[in-house]
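Single-structure report; data block below.
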Protein chains: 2
Amino acid sequence: MNSQAAPPLKRIADSTVRRLSLYLRFLEEFETAGLTTVSSDELAARGGTTSAQVRKDLSFFGSFGKRGLGYQVAELTQSMRRILGLERDWRVIIVGVGKIGAALAQFEGFQQRGFRVVGLYDSDPAKVGREIYHLPVRAIESLSEDNREQPVDIAVIAVPASAAQRVVDQVVAAGISGIMSFAPIQLHVPADVTLNTVNMAMELERLSFALSNRE
Amino acid sequence: MNSQAAPPLKRIADSTVRRLSLYLRFLEEFETAGLTTVSSDELAARGGTTSAQVRKDLSFFGSFGKRGLGYQVAELTQSMRRILGLERDWRVIIVGVGKIGAALAQFEGFQQRGFRVVGLYDSDPAKVGREIYHLPVRAIESLSEDNREQPVDIAVIAVPASAAQRVVDQVVAAGISGIMSFAPIQLHVPADVTLNTVNMAMELERLSFALSNRE
DNA sequence: TTATGTGAACGCATTCACAGCC
DNA sequence: GGCTGTGAATGCGTTCACATAA
């Protein structure tokens, strides 16, 4: 088998994708450190997993190493990027410019990986028209039209729980099919829309549970 | 079996704890809506899971319903709170008062569930001494002493990736054993410290992967 | 009859172990 | 000899199906 990334043959587990993301970060560190070769053992040690896990994860997408030698850092880095869809830029809007939305708007992690924030939206008339970090805040009502002119790939939802489902419906109606939500509720979207939720409340409760159940 | 929450007999899956968190949110909504009784089917419909899953999740902690009738909303709500460790207050500090840290400092979700932010810390001398949302920003160096006087349960890490491990080490050295990190790197802590990481970069890449691999 | 609680069956992710190649 | 790639074995979370109780 060659070293190109093949399209995944079967559905990839969420846990696998999460680890690929970690591997990419480690590989970039190795690259910065000037290393040219890395083994599955070294990648595993860094990520708190096993070498077999690393090899299995990679095997879903192809064959990237050389037996007896390991992986070429630069080559594997690039493959990870391609697999994760990071070789292109993603056009992102942030809906809801409260504290969280505003913080996200200038989150370096966005820009770094090619997630370009191209628009801010809010329903508060007091905010609409103002600029935040060099980006004008627009009314959510103009979303459909804006999206026709300059299609958006991802909408980040940073509005209160009570408004979240309504906003998501508007985003979907506007034709945007990638959503990242920070609202602490369960959202519903059509099957052709990809939704990823970071629920802070849930994460806190997970920590609370863990702390309560230690011996 | 009675309706009290028993201590879990075996290790509880992460996915189970996440769902308990959802159930609690739904139960609170049902309570607000004035419902007194709920079935596993109704809870499942709301959370996008199955009734068997709901019952299995609950069964790890005891027996909470009545056959043929369902669950008492108020009673089950309280049980969920107890199980998740939400019947007490948690003393929280936020380390790193950049954009994310500042946004977190006044995140309502914290207060709402009994996570009381009692301190802010930063390494930037320009920030130390100032007040943010009525809380003074202290130097990270005073953490050990502060923690002796007023023990802290949870430290929220909101510093850049490059500083995160060092800060975590300081937090651990100060005697704090619950950590919630927002730094986009893999952190290492002793076994007796509970660490929960929200990695925004990873979540974005997960979305990017999903969007790239739709047909 | 209705809906819970739970052992058993199932399916999927992880781990094992070794054949294959450098 | 060293390390990858991968079928097979294992372990674990989810689903099934039914006995049990209201």
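Among bridges DSSP assigns within the stretch B:1-142, what percent are antiparallel (round to 5)?
Of the beta bridges lying entirely in the stretch B:1-142, close to 35 percent run antiparallel.
When you work out D = kT/(6 pi eta Rh) for the protein assembly as shown at 4 °C and 1.567 mPa s, using the Kirkwood radius from C-alpha pairs as Rh and the Stokes-Einstein form, the result is 55 µm²/s.
Label point of B:Asp14 (7 Å along Cα→beta-carbon): distances to the other copies' equivalent points are 1.0 nm, sorted ascending.
Remark: the stretch A:174-183, residue by residue, has Karplus-estimated 3J(HN,Hα) of 6, x, 8, 10, x, 10, 10, 10, 10, 7 Hz, where x stands for each Gly or Pro and the curve is 6.51 cos²θ - 1.76 cosθ + 1.60 at θ = phi - 60°.
Taking a Cβ cut-off of under 12 Å around B:Phe64, the surrounding Lys, Arg, Asp and Glu residues balance to a net charge of +2, with basic ones at +1 and acidic ones at -1. Accessible surface comparison of B:Ser208, A:Ser177, probe 1.4 Å, protein chains only, largest first: the order is A:Ser177, B:Ser208. Which of the three applies to the stretch A:18-142, rounded, prolate or oblate, going by the alpha-carbon gyration tensor with a ≥ b ≥ c and a/c under 1.5 meaning rounded? It is prolate, given that a/c is not under 1.5 and a/b is the larger ratio.
The C-alpha atoms of chain A define a longest principal axis, and helix A:200-212 lies at about 60 degrees to it. Note on chain B: Kirkwood hydrodynamic radius from all Cα pairs is 19.6 Å, rounded to one decimal. Summing charges over all other residues whose Cβ lies under 9 Å from the Cβ of A:Arg206, with Lys and Arg as +1 and Asp and Glu as -1, gives -2. Mind pulling the angle between the C-alpha long axis of helix B:14-32 and the longest principal axis of chain B? Nearest 10 degrees, somewhere in 0 to 90. Computed tilt is about 70 degrees.
Antiparallel as a % of all DSSP beta bridges within the protein assembly as shown, to the nearest 5?
Antiparallel: roughly 20 percent of the beta bridges in the protein assembly as shown.
Bridge orientation summary for the stretch B:90-203: considering DSSP beta bridges with both residues in this region, about 10 percent are antiparallel. Against chain A, whose longest principal axis is taken from its Cα atoms, helix A:161-173 shows a tilt of about 80°. By definition, a body whose alpha carbon gyration tensor gives a ≥ b ≥ c is rounded when a/c is under 1.5, and the stretch A:14-84 falls into this rounded group.
In terms of its C-alpha gyration tensor, the stretch A:90-203 comes out rounded, because the ratio a/c of the largest to the smallest axis stays below 1.5.
Among residues of chain A, the one whose Cβ lies closest to the rotation axis carrying chain A onto chain B, together with that distance rounded to whole Å, is A:Ala103, 2. Largest GNM mean-square fluctuation among B:Arg138, B:Arg11, B:Arg148, using chain B with Cα springs under 10 Å: B:Arg11. Shown for A:Ile132: label points 7 Å from Cα along the beta-carbon vector, and their distances to the equivalent points in the other copies, 1.7 nm in ascending order.
Sorted from shortest, what are the nm distances separating the label point of A:Lys66 from equivalent points in the other copies, each placed 7 Å from Cα along Cα to C-beta? Copy-to-copy label distances at A:Lys66, shortest first: 7.3 nm.
What number comes out for accessible area per residue over the protein assembly as shown if the probe is 1.4 Å? Units Å², please.
Value returned for the protein assembly as shown: 48 Å² of accessible area per residue.
Listed by chain and number, the aspartates and glutamates whose C-alpha is less than 19 Å from the C-alpha of A:Lys66, apart from same-chain residues fewer than 8 away, are A:Glu31, A:Asp41, A:Glu42, A:Asp57, A:Glu75. Counting only DSSP H runs of at least 4 residues, each contributing -39500 (n - 2.57), and dividing by the residue count of chain B, the helix-based mean residue ellipticity at 222 nm comes to -13000 deg cm²/dmol.
For the stretch B:16-120, trypsin sites (Lys or Arg not before Pro) meeting the loop criterion (DSSP other than H, G, I, E, B) and having at most 13 other Cβ atoms within 10 Å: B:Arg67, B:Arg88.
The values are calculated or read from the model by the stated rules, or taken from the named source; none is laboratory data. Bear in mind that the values here come from a model prediction, so they are computed numbers and not experimental data. Please note: Cβ atoms are built from the backbone with ideal geometry, for glycine as well, and neighbour counts cover all protein chains shown. Protein only, heavy atoms only, side chains kept; ligands, DNA and RNA dropped before computing areas. Shrake-Rupley method; radii C 1.70, N 1.55, O 1.52, S 1.80 Å.
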